[in-house]
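Remarks on the structure that follows.
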Amino acid sequence: MKTRILFVCLGNICRSPTAEAVFRVIAAREIADLELVIDSAGTAAYHIGEPPDRRTREAAARRGYDLSDLRARMVEPEDFERFDLILAMDRQNLRMLERRAPMPVRERIRLFLEYAPEAGETEVPDPYYGGANGFEHVLDLIEAASRGLCAALRSGEAVSAGSAAR
Ligand code: 4NP
């Protein structure tokens, strides 16, 4: 059975496309036997159709992640039916998702950094208006949470009983 995972930030040009690409690489290495669908989307419409931010692409490329094929899209109502896990980068986007999701779907919406308790942070900070170090920090947090999510998926702890109906 496939597990479908959606990463969500505001613009879908910095944090969530990074999570999509990083998690894809780490999952292929650590849980290659699991069938996954991995995607990302934004809660805001500002950047629909655009590739990821240049600073995001360059920082990711320095660690071997290729974001060049990704294009920004907005979360749509069907996403709440399709995905087993919807992982928000911060509380602002978590709240936005919870407001839009039908009630039974809300338990599938979580903060991504729940999978990196050792990071000591609960949100992936928005790097858009900050300095270069912000993009490195985003990558550090996302790599840690991707490893944690792989471990949770391997042990069957990541997806709760009320997962997507198909
Ligand atoms: P993201 O970063 O949510 O990680 O993609 C942002 C991208 C664009 C904007 C804000 C955050 N913006 O305000 O345009």
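Cα-based values for segment 3-155, radius of gyration first and Dmax second, are 14.1, 41 Å. Taking 0.36 nm per residue of separation and subtracting the current Cα-Cα distance, fully stretching the chain between Glu107 and Ile48 would add 18.5 nm.
Here the Karplus curve 6.51 cos²θ - 1.76 cosθ + 1.60, taken at θ = phi - 60°, turns the phi angles of segment 6-12 into couplings of 10, 9, 10, 10, 7, x, 6 Hz, with x standing for Gly and Pro. The phi torsions of segment 103-119, fed into the Karplus equation with coefficients 6.51, -1.76 and 1.60 and a -60° offset, translate into couplings of 3, x, 7, 4, 6, 8, 9, 9, 7, 4, 6, 4, 8, 9, x, 6, 5 Hz, rounded to whole numbers, with Gly and Pro shown as x. Among the trypsin sites (Lys or Arg not before Pro) in segment 1-82, those located in a DSSP loop and surrounded by at most 11 other Cβ atoms within 10 Å of their own Cβ are Lys2. Once the chain from Ala119 to Arg154 is taken as fully extended at 0.36 nm per residue, the excess over their C-alpha distance is 10.6 nm. When you filter the GluC sites (Glu not before Pro) in segment 4-99 for DSSP loop state and at most 10 other Cβ atoms inside 10 Å of their Cβ, you are left with Glu35, Glu78. Given the -39500 (n - 2.57) contribution per DSSP H run of 4+ residues, what per-residue ellipticity at 222 nm results for the chain, rounded to the nearest 500 deg cm²/dmol? One gets -11500 deg cm²/dmol as the mean residue ellipticity at 222 nm. Tell me the carbon and sulfur percent of the accessible area for the chain, rounded to whole percent, probe radius 1.4 Å. The nonpolar share, carbon plus sulfur, comes to 50 percent. Residue separation of Ala61 and Glu98 scaled by 0.36 nm, minus their Cα-Cα distance, works out to 10.1 nm of gained length. Solvent-accessible area per residue in the chain equals 48 Å², computed with a 1.4 angstrom probe and all protein chains kept.
The values are calculated or read from the model by the stated rules, or taken from the named source; none is laboratory data. The structure displayed is predicted, hence computed values, not measured ones. Reconstructed Cβ throughout: ideal geometry from the backbone, glycine too, with neighbour counts over all protein chains shown. These accessible areas exclude ligands, DNA and RNA; they are computed on the full protein's heavy atoms, side chains included. Shrake-Rupley method; radii C 1.70, N 1.55, O 1.52, S 1.80 Å.
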